[in-house]
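Student: Dropping a structure here in structure tokens format, bear with me for questions.
Bear in mind that the values in this text are calculations on the coordinates, not laboratory data. Just so you know, these numbers come straight off a predicted model, no measurement behind them. As a convention, Cβ positions derive from the backbone with ideal geometry for all residues, glycine included, and neighbour counts pool all protein chains shown.
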Amino acid sequence: MRRVVSFLIIIILFASQSIAKEGMWVPSLLNKFVAKDMRQMGMRLTADEIYSINHSSLKDAVAIFGGGCTAELVSDQGLLLTNHHCGYSTIQSHSTVENDYLTDGFWAGSKEEELANPGLEVTFLVRIEDVTDEVLKGVEKDMSEKERKALVKEHIDSVENEAVKDTRYKAVTKPFYYGNEYYMFIYEDYKDVRLVGAPPSSIGKFGRDTDNWMWPRHTGDFSVFRVYADENNEPAEYSEDNVPYNPKQHMKISLSGYEKGDFTFVFGYPGSTQQFLPASAIKMKTEKIFPARIDLRTQVLDIMEKYMENNDKIKLQYAAKYAGVSNSWKKWQGINLGIDRINAIEKKKKLQQNFNDWVAQKSSRQQKYGSLYDEFDDIYSKITPYRKARAYFIETIYNIELVRFARNFQKLVKLSKKEDPDQEKIDEEIEKLRKQSKNFFEDYHMPIDREVTAALLKSLYQHLEFDLQPDLMQEIIKEYESDFEEYAHELFEDSFLSSRQEVKDFLDGYKTRKHRKIEKDPVVKLSNGLYEHYRDNISPVSSQYDRKLDSLQRIYVRGLKAFQPDKRFYPDANFTLRVTYGQVKGYEPKDAVDYEYQTTLEGVMEKNRKGKRDYRIKDKLKDLYKEKNYGKYANEDGSMPVCFIASNHTSGGNSGSPVLNANGHLIGINFDRNWEGTMSDLMYNPSLCRNITVDIRYVLFIMDKFADADHLVDEMTIVE
Ligand code: ARG
Ligand code: GLU
């Protein structure tokens, strides 16, 4: 009997451990779906303490930062934490050669020294409402996708107007489960957000692109801001008279650390995941789309690197651009490897087989779902060339810097061609272009762009079906006998846009009739040629298929839910607030290798000793390390924690998200995922997928000991 019992216990333990804790849950639905499970894993909060509309809750301390990241309040004076890479462009905007805050860091000594950032906003969630019934009222099964869309939009508009009438709030309604449900999010924007502090890039971006998406990681990826409000504690545009925002709630900080297996949860804004795709879609992405985009970006990165290698000026000019291009490039490669490694396509096919067997049992099911996969396959085979073309056009337009720059001049042409041109508006536009041009040429190295142009257009010509190519391709082929280098050479020679001086002269002496010079410019023609071809010939066809796919996906998700009535389905990420939970945990990246869950300052020094540029650090950090001057921030064994990983299911947009322990206390700031787990955007795997967090103790140690900004630490609420 004892043997049986212990056997059962083992089974139960094993079963509860192997349950995939995947998913990103809507905070207002925690009780319905996961609160019990979270508590079983160790959480000591109620769902109501995480999200409530009746009293203040943790959600009041979480914000959207700058439209693409997450941030959290950590004091009753509006102090806000996010990632260094989320604050990067703001930090850069305050940097000059004399005061290079990216390189040296920045710390405001007092509130007066905090730096204003026009245009930067943080957004707090007021409440979430299920508006499915209102939005889908009168929507019939046999409606065309177009009719459905129109009706849905009409309903959303009226629900939103009603909700925010006479308030300063804004409403955003989004489809969930491919439009089977709709939720409305009521938000409040704060527009006076000031920069308080940032570590030097040698800490905030330690390891640069070499370590990006990688574990073991040693990056202190954080920056510090402060939210300001008017005298009534309400949002206001920047003003000297504004005062620090006093929030309903801020995160309390734990310095006690964590151990293997400890419960953690992440509260933030994941951007997009696609867990419900059929096998044919995964095949298209991993076999056609990602490889095309990876190949194009490899060419761009190789060209940049060649010029950056031996030239410090170019190295600086192109550092941010290189990072931008390489971030997704590296992620896509990780996704492809991960999809392959976990046999994702086979797993999808197996699921589809089981689903079909279930469908075959009843004729009513057959009617609804019988032809789903055939229809998916059919549409995916039709849409693939267009999605591939889309990839080529996006990458080409995005990566040829001058093509993108040329698009800025469109508005000037439009204003100038008006029958009765408005001189004031034109002057304004010229002023804007002057600024844009100044910024553009500061970080522009023409030979790189010229080589990129030749390489990308050549690839487009070689790899895209003939009838999807833009007309201008034929001109290049005829006139230059397919010599793309020759073409690019002449293009950059003939265009006035490639010369800083010529652009300046042009803007200085601008008269409305000169808009012709813009229209005649060969780079503008190239830019328009690419753009218009995509808009007129690629996009309309693929959006027709997209509409059909939307409708199929909606039916499919409904079918999957009926097929697995006991499974908890989480909605795909759509940049709305979510809770995801998991455990502190290492993983096995490859055969015979085991990764621990925590890194320490020891590892920073190890990497630094390699002498590589990506791992340079300031002497001050070395000194603190030698003296072991870690204060109250060290691990129990005396080492200094830097980063840790856990099995929380996160995605792009979760950067800056608070990582919390079982008591809801802040233990770190989320900033990345492990490379072997990036396929979680399409299929999560519990033994491989990890989120990467910078330990809050490292953040505080850097503020306190490295930057002597202990007044900021004093502002926070630290629990023992
Ligand atoms: N991979 C992280 C994310 O997707 C960090 C990117 C910024 N860092 C970099 N080295 N490019 O945003
Ligand atoms: N660095 C990513 C971001 O900016 C987070 C990493 C990810 O999970 O994709 O959101």
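Student: Counting other Cβ atoms within 10 Å, keep those with at most 10, restrict to DSSP loop, and tell me which GluC sites (Glu not before Pro) in the stretch 606-666 are left.
Tutor: Glu636
Student: Which net charge results when you count Lys and Arg as +1 and Asp and Glu as -1 among the other residues whose beta-carbon is under 12 Å from that of Ile379?
Tutor: -2
Student: Before rounding to the nearest 500, sum -39500 (n - 2.57) across all DSSP H runs of length at least 4 in the chain and divide by the residue total; then give [θ] at 222 nm in deg cm²/dmol.
Tutor: Mean residue ellipticity at 222 nm (helix-derived): -14500 deg cm²/dmol.
Student: Express in whole angstrom the spacing between the alpha-carbon centres of the stretch 623-684 and the stretch 342-397.
Tutor: 37
Student: Among Leu136, Leu682, Leu80, rank each residue by its count of other Cβ atoms within 10 Å, from fewest to most, as a rough exposure measure.
Tutor: Leu136, Leu682, Leu80
Student: Each label point is 7 Å from the Cα along the Cα-to-Cβ direction; what then is the distance between the points at Ser93 and Ser482, in nm?
Tutor: Going by the 7 Å Cα→Cβ label model, 4.8 nm.
Student: Can you sort Lys306, Lys478 so the residue with the fewest Cβ neighbours within 10 Å comes first?
Tutor: Lowest to highest Cβ neighbour count: Lys478, Lys306.
Student: Next up: Starting from 0.36 nm per residue, how many nanometres of slack lie between Gln367 and Lys511 once their C-alpha separation is accounted for? Please report the intermediate quantities before stating the final value.
Tutor: Numbers: separation 144, 0.36 × 144 = 51.84 nm, distance 6.58 nm.
The Gln367-Lys511 span can extend by a further 45.3 nm.
Student: If you rank Asp471, Asp672 by fewest surrounding Cβ atoms within 10 Å, what's the result?
Tutor: Asp471, Asp672
Student: When a/c is below 1.5 the answer is rounded, else prolate if a/b is larger than b/c, else oblate, so apply that to the chain with a ≥ b ≥ c taken from the square roots of the Cα gyration tensor eigenvalues.
Tutor: rounded
Student: Distance from a point 7 Å along Cα→Cβ of Leu351 to each backbone N in the stretch 676-709: keep the residues under 19 Å and list them by number.
Tutor: 677-690
Student: Okay, next question. Between Asp378 and Gln501, what is the label-to-label distance in nm when each label sits 7 Å out along the Cα-to-Cβ direction?
Tutor: Result: 6.3 nm between the two label points.
Student: Length gain on complete extension for the stretch Lys438 to Ser543, per 0.36 nm per residue less the alpha carbon to alpha carbon distance?
Tutor: 34.1 nm
Student: If the rule is a partner Cβ under 4.7 Å, which cysteines in the chain fail it?
Tutor: So far as the 4.7 Å Cβ criterion goes, Cys643, Cys689 stand without a partner in the chain.
Student: Also: Measuring from centroid to centroid over Cα atoms, what is the spacing of the stretch 227-258 and the stretch 503-573 in Å?
Tutor: Between the Cα centre of the stretch 227-258 and that of the stretch 503-573, the gap is 38 Å.
Student: Normalized C-alpha radius of gyration of the stretch 250-378, against 2.2 N^0.38 Å?
Tutor: My calculation over the Cα atoms of the stretch 250-378 gives 1.61.
Student: Between Glu475 and Asp189, what is 0.36 nm times their sequence separation minus the Cα-Cα distance? Round to one decimal in nm. Don't jump to the answer; show the numbers that get you there.
Tutor: On the way: separation 286, 0.36 × 286 = 102.96 nm, distance 4.99 nm.
Roughly 98.0 nm would be gained on extension.
Student: Estimate the FRET efficiency between Ser239 and Thr167 by the formula 1/(1 + (r/R0)^6), using the beta-carbon distance for r and 25 Å for R0, to the nearest 0.05.
Tutor: Taking R0 as 25 Å, the efficiency between Ser239 and Thr167 is 0.70.
Student: Filter the cross-link list Lys590/Lys610; Lys331/Lys567; Lys435/Lys610; Lys525/Lys548; Lys146/Lys435 down to pairs whose alpha-carbon distance in this structure exceeds 31 Å.
Tutor: Lys435/Lys610; Lys525/Lys548; Lys146/Lys435
Student: Can I get the semi-axes of the stretch 202-268's equivalent ellipsoid? Compute them from the C-alpha gyration tensor as square roots of 5 times the eigenvalues, in angstrom, largest first.
Tutor: 34, 20, 10
Student: Let me ask something else about it. Quickly work out the Lys36-to-Asp302 label distance, labels modelled 7 Å from Cα along the C-beta direction, and quote it in nm with one decimal.
Tutor: The two pseudo-label positions are separated by 5.7 nm.
Student: Another question about this same structure. Set the Förster radius R0 to 22 Å, insert the Cβ-Cβ distance between Gln249 and Ser110 as r into 1/(1 + (r/R0)^6), and round the FRET efficiency to 0.05. Present the calculation step by step, with values, prior to reporting the outcome.
Tutor: Details: r = 25 Å, r/R0 = 1.15.
The pair Gln249/Ser110 has a calculated efficiency of 0.30.
Student: How many percent of the alpha carbon pairs in the stretch 616-720 exceed a separation of 16 Å?
Tutor: In whole percent, the long-distance tail amounts to 64.
Student: Looking at the square roots a ≥ b ≥ c of the eigenvalues of the Cα gyration tensor of the stretch 506-615, which shape do they give, rounded for a/c under 1.5, prolate if a/b is larger than b/c, or oblate?
Tutor: It comes out oblate by the Cα gyration axes.
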